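One structure is given below, encoded as structure tokens.
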Amino acid sequence: MFNDIGPLELITLVVLAVLVFGPDKLPKVIQDVMRTVRKIREFSESAKQDIRSELGPEFKDFEFEDLNPKTFIRKQLDNDELGLKEIRNGFDLKKEMAEVTDSVHGTESVTSPSPSSSGGRIDMTKKPEEPGKDDRPPFDADAT
């Protein structure tokens, strides 16, 4: 609850509480605050139990922490029923990039790409060869 409060800030709060309430009223205030916190926790637990009992036995594994979107998504992604681990393990980025590069350059894709001299990396900075002086690009009269 107070994970971001440092020791200096905690000492400052205690000194401030002593100054505001006084040393003789401070224990009574602390007891009242603790009693209120305890009642709120009991009320919260009672409400959770009522909701679980009203939902029925098919929701016996329901946890209120799962309503947090981050927790819900993390739990769903860790679920093996979706097959995400097989998809993630079956995806070969080098092979996919080689296929994309081959299709861009117009060459035939190789089923088992061999690593190049650059340690298996694909050089995406290569420029296509420029046509010779006699080779003109095709002219399309309809396109201009």
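With the structure loaded, tell me whether VAL104 is more than 20 Å from the chain's Cα centre (by Cα) and modelled with pLDDT of 70 or more or whether it fails that test. Please lay out each step first, then the result.
Values: more than 20 Å from the chain's Cα centre (by Cα): yes; modelled with pLDDT of 70 or more: yes.
In short, yes.
Restricting to region 34-80, give me the number of residues that are among the β-branched types (Val, Ile, Thr) and under 28 Å from the mean Cα position of the chain (by Cα).
Within region 34-80, the subset among the β-branched types (Val, Ile, Thr) is 36-37, 40, 51, 71, 73.
Narrowing the set further to residues that are under 28 Å from the mean Cα position of the chain (by Cα) leaves 71, 73.
Final tally of qualifying residues: 2.
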If you scan region 3-53, which residues turn out to be within 19 Å of GLU65 (Cα to Cα) and among the hydrophobic types (A, V, I, L, M, F, W, C)? ILE40, PHE43, ALA47, ILE51
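Can you name every residue in region 1-43 that is hydrophobic (A, V, I, L, M, F, W, C) and not in a helix (DSSP H, G or I)?
At the first step, the residues of region 1-43 found to be hydrophobic (A, V, I, L, M, F, W, C) are 1-2, 5, 8, 10-11, 13-21, 26, 29-30, 33-34, 37, 40, 43.
Passing the criteria: MET1, PHE2, ILE5.
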Long-range neighbours under 8 Å by Cβ, at least six apart or interchain, first residue free of Cβ contacts under 8 Å to residues at least 12 places away in the same chain within region 57-77, second surrounded by 10 or more Cβ atoms within 10 Å (Cβ to Cβ) and of a type in the set (Phe, Trp, Tyr): ASP66/PHE72
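The values are calculated or read from the model by the stated rules, or taken from the named source; none is laboratory data. Predicted, not measured: the structure shown is a model, and the values here were computed from it. Note: ideal-geometry Cβ built from the backbone for every residue, glycine included; neighbour counts use all protein chains shown.
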